[in-house]
Amino acid sequence: SELIKPYLGSRYKVTEVPKSLIFYMSKHSGPVNEIQWCPVQEQSHMLLSASMDKTVKVWDAVDTGCCLKTYSCHSCAVRAARWSSCGRRILSGGFDSMLHLTDVETGKQIFSSKTEFRISALKFHPTESNVFICGGFSPEVKAWDLRTSKVLRVYKAAVQQTLDILFLPEGREFLSSTDAVSRDSADRTIVAWDFQSAAKISNQIFHERYTCPSLTLHPKESVFVAQTNGNYMALFSAQRPYRINKKKRYEGHKVEGFAVGCEFSPDGTLLVTGSSDGKVFFYNYHTSRIIRTLSAHKEACVSAIFHPVLPSLLATCDWAGEIKIWQ
């Protein structure tokens, strides 16, 4: 993309809050669950989307706003999809319990496997590009190796479902958020794991009685944020014992049972989240104040993500199947 070229190799400039709509992209016939910019900077004009309509799509979301490819390898809703680190493959998991690794250009499956559960979360290991973690409607989370097409390790938690997975820097530890919230206790809502040994490091991280549909890591500081069903985002240390920051809470948006994602801007100054009322909220990371809200969608906005290279480009998606690009 000619628009991206001038920014390659240069220092990321300060993130501006986007004000205007550039592209309105609506080819999905069901809710969009997840969007992700291609991690290869030279190819970061491409946006991946996974939808309840059983498809995964790749868009040119910088230059044209057009759908480049549609992949229909799943027979049920696609809940999670991730780019490989090389940008040539897409890993997807769905409610058909299938895992597929698809070649972006040919659309052929390089790897496919049936799991014992419906998949709701997938994350690639940050340093081992052939390894990923998969979770869903099961008490177990599994690490897979694409070179052998086999399960490497099983992480056993006494829960019904894994909502999200977050690798901590270097990938030696990861967090899983679960739906294990009972009336009297909230332990196990966020569980920290040792990646190599599969040992549980801690399940006493978050003590409020809310599930956390998504987790996100700060790009520069050793902290992470958990989106909660209490209509606020909580801030934690990303180092043991992963203490919550009681002085900061990011509130004002609504979650209301939707898997609303949250993310930091690449420079770490802003925290952005969708909202069940269709708005996008921009918070100042340091003060936790709302800087601005954007009336982005009519239905629940479940994801809002900043472009990795272009300083104020934002992609959003919603429960009506729409994807929008803002600047």
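Residues that are open to solvent by 10 Å² or more (accessible area, probe 1.4 Å) and part of a strand (DSSP E or B) within the range 272-305 comprise 279, 281, 284, 290, 291, 292, 293, 294, 295, 303, 305, listed in sequence order. In the set (1) over 23 Å from residue 178 (Cα atoms); (2) modelled with pLDDT of 95 or more; (3) open to solvent by 20 Å² or more (accessible area, probe 1.4 Å); (4) not in a strand (DSSP E or B), residue 268 fails one condition alone, (3).
Restricting the first member to the range 125-150 and to residues that are closer than 13 Å to residue 80 by Cβ, and the second to residues that are aromatic (Phe, Trp, Tyr) and assigned to a loop (DSSP other than H, G, I, E, B), the beta-carbon pairs closer than 8 Å and six or more apart or on different chains are 136/117; 137/117. For the range 2-42, the set of residues classified as touching a strand residue (DSSP E or B) at 6+ places or on another chain (Cβ under 9 Å), open to solvent by 40 Å² or more (accessible area, probe 1.4 Å) and not in a strand (DSSP E or B) consists of 19, 20, 26, 27, 29, 39, listed by residue number. Of the residues in the range 249-263, how many are free of Cβ contacts under 8 Å to residues at least 60 places away in the same chain, within 27 Å of residue 11 (Cβ to Cβ) and either open to solvent by less than 10 Å² (accessible area, probe 1.4 Å) or assigned to a loop (DSSP other than H, G, I, E, B) (or both)? Selection size over the range 249-263: 1. Return a yes/no flag: does the range 283-295 have any residue that is within 20 Å of residue 37 (Cα to Cα) and touching a Gly at 6+ places or on another chain (Cβ under 8 Å). No, there is no match, as no residue in the range 283-295 is within 20 Å of residue 37 (Cα to Cα) and touching a Gly at 6+ places or on another chain (Cβ under 8 Å).
The values are calculated or read from the model by the stated rules, or taken from the named source; none is laboratory data. All of these numbers come straight from a predicted model, not from anything done at the bench. Methodologically, a virtual Cβ is constructed for each residue, glycine included, from the backbone with ideal geometry; neighbour enumeration extends over all protein chains shown. The accessibility values were calculated without ligands, DNA or RNA, using every heavy atom of the protein model including side chains. Shrake-Rupley method; radii C 1.70, N 1.55, O 1.52, S 1.80 Å.
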